[in-house]
Amino acid sequence: AGRAKRLLLSRLFQPLNLQAGGETAWDGRAGEPICRSQKLMLQGGLIHPAGPGCYCYMPPTVRAMEKLVKVMDEEMQAVGGQKLNMPSLSSAELWRASGRWDQMGPELFRLADRHGKEYCLGPTHEEAVTELVAAQSNLSYKQLPLRLYQVTRKFRDEPKPRFGLLRSREFYMKDMYTFDASEEAARQTYDLVCDAYRSLFDRLGLPFVKVRAATGSIGGTVSHEFQLPADVGEDRLAVCPDGHFAANVETLNREQTSCPTCGEKLTQTRGIEVGHTFYLGTKYSSVSNAIFYSPENKPQLAEMGCYGLGVTRILAASIEVLSTEDSIRWPSLITPYQLCFIPPKRGSKEEEEGAALLERMYDDLAEALPHLAGDSVLDDRTQLTIGKRLKDANKLGYPYVVIAGKRVCEDPPVFEVWNQNTSEVLFLTKEGVIELLSKVRVP
């Protein structure tokens, strides 16, 4: 077997702009507010603006996104989710039948094909999935519950796209649609999926609140949002300090200022919405006639729920809430690369021996821990000092940095290892480094 090909930082398509000050308007119009995650993602070469609210996601960002989707897949499959994929183009007839063609107004991106048939680019897929299930003409109660989900690009004609990936016009979303045989079963599904969302945010180490929410243009009778508290958040939340109650302010009447459970005064905070759950009942199944046959062989309308997680929004929101002013911090599970290797500076007395030892270390690590083989980057910009490269590595948020420093020429060689999660510096032999990294989890 050939050696794993080393990934060199100089070859990575991630145009760094780490020296740029916060006031540089690389994105949007000058003088527009720009939030921390947007600034850090632009400086770190993670996104590149392609037009208002549209971004190119650079290779490291795609890696983080694919890891996040893997974690979502695990959580969705644990609750019986089956993954499918529906077209972005959705016919106007479907949306007219549900009443949303008019209700969504200018938020829908609308277009006509060469035959004059009208479509929209799907911001969400309730109509499409209900139509799909309705087309299964002899669905039996034995095949329910159905829990169908996809991770696809969604489109929304935002009047004011801003804050980078937090509010864009093109974004990735995980959306799940469930079909149950009764209201009671549908409510059990609702609780199950909410628990899966809880589990996801816990695994990512993100401090979320689940809040009561309005049903808006999706409809239905019960709805909750998963919010990450953040100053830049566009939602205002009212939260009981003892954790008994939380709601989006838009669902409260003016008089309600205390917790309905314990009477404590509610505190206000802002949040970024990263997930939304809805119990829909038969709102869509009645329009498309999505039925199943009961044990008595009677046709009945399926009871539905829908559940969304913003994939690209979670990436940006996690950087927003975990990072410092000038250094990116990812949830460690989904960081693009777990590991950065820094060889000695060109012309230093450790140069030759240190570089060879570090490259051998890179290869031995890939062999001992194959799941980390693709998760390592070698910073080959040896014209720069170790200190300068370490500073960049810190800004880019690699959880571990392995340096061939002064002690690499000892016998046995000793490497300097920076652990960003605990902010400690360790001096370890090769075996020690492999031992330390054997604990790292990647999805």
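Build a GNM of the chain with springs between Cα atoms under 10 Å apart, and of K83, K210, K265 the one that fluctuates most is K265. Surface analysis of the chain yields an accessible area of 46 Å² per residue, using protein heavy atoms and a 1.4 Å probe.
With the charge dipole of segment 36-322 set up from +1 on Lys and Arg Cβ and -1 on Asp and Glu Cβ about the Cα centre, the Cα lying farthest toward the positive end among the listed residues L132, L144, L166 is that of L166.
Label separation (V62 vs L8): 2.1 nm, computed from points 7 Å beyond Cα along the C-beta direction. Among R270, R36, the order of accessible area from largest down is R270, R36, computed with a 1.4 Å probe on protein heavy atoms. The listed residues L144, L315, once ranked by accessible area (1.4 Å probe) with the largest placed first, stand as L144, L315. Compared with the alpha-carbon gap, the fully stretched path from V222 to D195 is longer by 8.2 nm at 0.36 nm per residue. Modelled spin labels at N85 and K160, positioned 7 Å past Cα toward Cβ, are 3.6 nm from each other. Taking a point 7 Å out from the Cα of K210 in the direction of its Cβ, the residues of segment 78-93 whose backbone N falls within less than 19 Å of it are 78-81.
Here's the list of aspartates and glutamates a cross-link from K117 could span, going by alpha-carbon distance under 17 Å and ignoring same-chain residues fewer than 8 apart: E93, D102. Pairs from the list K83/K154; K70/K174; K67/K395; K349/K406 with a Cα-Cα gap above 18 Å: K67/K395.
Please say if segment 103-160 is rounded, prolate or oblate, where rounded means a/c under 1.5 for a ≥ b ≥ c the square roots of the C-alpha gyration tensor eigenvalues, and otherwise the choice is prolate for a/b larger than b/c and oblate otherwise? Don't jump to the answer; show the numbers that get you there.
Values: a/c = 3.16, a/b = 1.84, b/c = 1.72.
Prolate.
Its Cα centre serving as origin, segment 337-438 has a Cβ charge dipole (Lys and Arg +1, Asp and Glu -1) of approximately 600 debye.
Name the most mobile residue of E350, E264, E158, meaning the one with the largest mean-square fluctuation, in a Gaussian network model of the chain with Cα contacts below 10 Å. Result: E264 has the largest fluctuation of those listed.
The figure for R187 is an accessible area of roughly 100 square angstrom, using a 1.4 Å probe on the protein chains alone. Under the shape rule built on the C-alpha gyration tensor, where the axes satisfy a ≥ b ≥ c, segment 132-280 is oblate, since a/c reaches at least 1.5 while a/b does not exceed b/c.
Length gained on full extension, A92 to Q300: 72.2 nm, using 0.36 nm per residue less the C-alpha separation. Surface composition of the chain: carbon and sulfur make up 50 percent of the accessible area, probe 1.4 Å. When the Cα convex hull of the chain is projected onto planes of every orientation, the mean area is 26.6 nm². Charged side chains reduced to their Cβ positions (Lys and Arg at +1, Asp and Glu at -1) give the chain a dipole of some 760 debye around its Cα centre. Per residue, the convex hull spanned by the Cα atoms of segment 284-362 measures out at 205 cubic angstrom.
Annotation: amide H-H contacts under 5 Å for S140 (H modelled 1.01 Å from N, sequence separation of 5 or more, or interchain): Y293.
As an equivalent ellipsoid, segment 211-350 spans semi-axes of 42, 26, 11 angstrom, where each value is the square root of five times an eigenvalue of the C-alpha gyration tensor, largest first. Just checking the listed ones, E255, E234, E107: in the Gaussian network model of the chain with Cα springs under 10 Å, the one fluctuating most is E255. Ratio of Rg to Rh for segment 337-438: 0.92 [Cα atoms; Kirkwood radius as inverse mean 1/r over pairs].
Note on R153 and S438: their simple-model spin labels are 4.4 nm apart, each label 7 Å out from Cα toward Cβ. The residues R162, R313, sorted by heavy-atom accessible surface at 1.4 Å with ligands and nucleic acids left out, run R162, R313 from largest to smallest.
The values are calculated or read from the model by the stated rules, or taken from the named source; none is laboratory data. Remember, it's a predicted structure, so these values are computed and weren't measured experimentally. Here Cβ is always computed from backbone atoms with ideal geometry, including for glycine, and neighbour counts include all displayed protein chains. Accessible surface is based on the protein model in full, side chains and every heavy atom, while ligands, DNA and RNA are left aside. Shrake-Rupley method; radii C 1.70, N 1.55, O 1.52, S 1.80 Å.
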